[in-house]
């Protein structure tokens, strides 16, 4: 074994030990999780998960539907119940009559739809489970235009891969892949709640 | 080779653990440690457990939460209706300046070591893949090589004498000589319980928490009685594995820490054979 190989091995062992001991000391790991190379490695599993789920889950699989009796009596607010924003408060005061849903980006026909426009479109009602990333679940009844209908109206360009939702609240902007939405699964799990429900 | 301390014994070196068992063992140690710590980070995002499909926030099966006790905020852990004050450990912790933090498990045992659910989930899923790939490799090896049948499956006579084995363990009398070459019946049952029941249960309950997997494979929900039950079973099974690790480490310590460690690193295990028995 050459001196260089020995050194590399020692370097590797030292690094492994450093990583192992840092992982052990969760309380002081702040740095480890912030390291770009750690993030890069952890991201690999996200890709593997996405590809595997895409392969394992049938494209037409729908979220389970529940009965009226299953509906949660206390549906926990996900995020805040009121948005600390003047524009939002003005819209809310007027029953969202002036509000418009903007559909833009990689679409053939960018849309601007009012609440009345949305209500004129075919709606679907479902009782499905909401799983919060925090770990809890609530069952609610949702009515609204299936997302697929909206996207068909706008005409997704083939190059569109992700959809980003802009909320009145600034922080949560979950993105989802177009594959999830254009399948019936997407349309059932992600229908748009009617604003007549308490805005959450 | 004669042992200096006991002239009536001789030492014999046996090859106890195959390379595959040693590698998968240590890979599992790393995976389980990260999974446990990142799992506690994820649990801390909502430190309560429920039964069924949904969370009944008023009546959790288990919870760690802050409560007002007069003027003082205390951490209360509730299990099946029984509440105990766990301030400083679970629920609420006071800092040096008198301010307090609301959290489930202490941040010293989570990964990352502060509230960061998104990063905790990334650690968890990365090491879940390592755990699954490693576990499948172990199971295939165990079946094909005969490790499962030869070393782990207890025989009928062993099972009949399980009472004696338990009694010997209670008195901390462990197999010596020839007998020490093989796993004893309690060891076999403990390893089988973990490898074939608890660890696969962790995987299945983990998958049952995925909304996507639930849509594709709704039997995951029915198997465990709903997503919240699956989450609860995931937590309890994790506790079972922690309990196993504690007992495992105690046994490693009291039956010869260096000998056990060496055998899991190099494969070689030293047994003491009384003279006349070879």
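Each residue, residue A:81 and residue A:59, gets one label point 7 Å from its Cα in the Cβ direction; the gap between the two is 4.2 nm. Per residue of B:56-63, other chain Cβ atoms within 10 Å of the residue Cβ number 2 on average.
Would you mind pulling out the separation of the Cα centroids of region B:39-98 and region A:116-153, in Å? If we compute the Cα centre of each part, the gap is 32 Å.
Here the Kirkwood formula, the inverse mean of 1/r across different C-alpha pairs, assigns chain B a hydrodynamic radius of 21.7 Å.
Taking Cα atoms only, the orientation of helix B:227-254 departs from the longest principal axis of chain B by about 40 degrees. Counting only other chain Cβ atoms within 10 Å of each residue's Cβ, the peptide B:119-125 averages 5. The modelled label-to-label distance for the pair residue B:248/residue A:161, using points 7 Å beyond Cα in the direction of Cβ, is 4.0 nm. Placing pseudo-labels 7 Å out from each Cα toward the beta carbon at residue A:51 and residue A:141 gives an inter-label distance of 4.4 nm. Between helix B:19-44 and chain B there is an angle of about 20 degrees, using the helix long axis and the longest principal axis of the Cα atoms.
Stretch residue B:172-residue B:73 to full length: gain in nm at 0.36 nm per residue minus the Cα-Cα span?
On the way: separation 99, 0.36 × 99 = 35.64 nm, distance 4.51 nm.
Here the answer is 31.1 nm.
According to the Cα-based calculation, Rg over Rh for region B:182-278 is 1.19, with Rh computed by the Kirkwood formula.
Taken residue by residue and averaged, Cβ atoms of other chains lying within 10 Å of the Cβ of B:214-225 number 3.
Here, each number is a calculation from the coordinates, and none is a lab measurement. All figures in this text were calculated on a predicted structure; none of them were measured in a lab. So basically every Cβ, Gly included, is an ideal-geometry build from the backbone, and we count neighbours across all protein chains shown.
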